[in-house]
Amino acid sequence: MNPLERKGLIEFLQRVDRKLAKRTKALIIGGSAIALVYSPRYGTVDIDTIETDRDFFVACDKVNQETGSKVIVSPVTVADTPYNYEDRLQAVPIPGAKHLEVMVPEKHDLAMMKTLRGIGRDLEGVEAIHEASPLSAEKLIGLYTNEMSHAIGDKRTFRLNFLAAYARLFGEAEARKIEPTLPVLGEKRK
């Protein structure tokens, strides 16, 4: 399947809206959130969601069956999100939508979620956000140090992933500057 960019995602979500009979919420994360809001030319082959109404998935299945499209729509059961990210969610206007309410994480929150995973495609997504609308180094450091201690996994790997992403966004020299003061998640700063 060819990656969907913003236009294709909007068209798919408009079709989904037409299958809905009542107000339905979808919290979209990952590459589809990047494409919908932060980097319109960024492409994705799936739509990952958290905290999303079941009716959304049923409507997506109907659209896929009727149109022959193969848009993969998946509920993500575990996502390492910054504390209080819900307070910063961004609404995504879907032209003509009557029932579908789409939200995505704020760009720094989304970048942090992708950074901790540390997969190459995730880091490309973070770069796409940064190229379209520069991320704040201070906000990213603040999220990492203050809002990610609960992340599940190897905390040392998360630190390395953060430094790698930081270097890609702000340069190797800047990453070396922050490295001595950047704690392992959950540990006190030295």
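No value in this document is a laboratory result; all are computed from the given coordinates. These figures come from a predicted structure and were not determined experimentally. Because the Cβ atoms are built from the backbone with ideal geometry, glycine has one as well, and the counts that use them run over all protein chains shown.
Key figures
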item: Cα gyration tensor, the chain - rounded (a/c under 1.5), prolate or oblate; result: prolate
item: Exposure proxy ranking, count of Cβ atoms within 10 Å, fewest first, for THR145, THR77; result: THR77, THR145
item: Percent antiparallel among DSSP beta bridges (both partners in the chain, rounded to 5); result: 45 percent
item: Rounded if a/c under 1.5, otherwise prolate or oblate - the stretch 108-181, Cα gyration tensor axes; result: rounded
item: Greater than 18 Å apart at Cα, pairs in LYS7/LYS114; LYS139/LYS177; LYS114/LYS155; LYS22/LYS62; LYS70/LYS98; LYS7/LYS139; result: LYS7/LYS114; LYS70/LYS98; LYS7/LYS139
item: Between helix 107-117 and the chain: long-axis angle, C-alpha atoms, 0 to 90°, nearest 10; result: 70 degrees
item: Neighbour cut-off at most 16 other Cβ (10 Å), DSSP loop, chymotrypsin sites (Phe, Trp or Tyr not before Pro), the stretch 1-109; result: TYR83
item: Label-reachable residues, the stretch 97-134, where backbone N falls under 13 Å from a point 7 Å from ARG23's Cα toward its Cβ; result: 98-102
item: In degrees, nearest ten, helix 155-170 long axis to first principal axis of the chain (Cα); result: 80 degrees
item: Amide H partners (placed H, <5 Å) of THR24, local residues excluded; result: LEU100, GLU101
item: For the stretch 146-182 versus the stretch 66-136, the gap between their alpha-carbon centres in whole angstrom; result: 20 Å
item: FRET efficiency, 1/(1 + (r/R0)^6) with R0 45 Å, evaluated for GLU66 and GLU124 via beta carbons; result: 0.90
item: For VAL45, residues with placed amide H under 5 Å, excluding near neighbours; result: LEU4
item: Additional length obtainable on full extension of the chain from HIS150 to VAL58, 0.36 nm per residue less Cα span; result: 29.9 nm
item: ³J(HN,Hα), Karplus 6.51/-1.76/1.60, whole Hz, each residue of the stretch 82-95, x for Gly, Pro; result: x, 3, 6, 4, 4, 5, 10, 4, 10, 6, 10, x, 10, x
item: Nearest-ten-degree value, helix 6-18 long axis tilted from longest Cα axis of the chain; result: 50 degrees
item: Over the chain: helical MRE at 222 nm, DSSP H runs n ≥ 4 each giving -39500 (n - 2.57), nearest 500; result: -14000 deg cm²/dmol
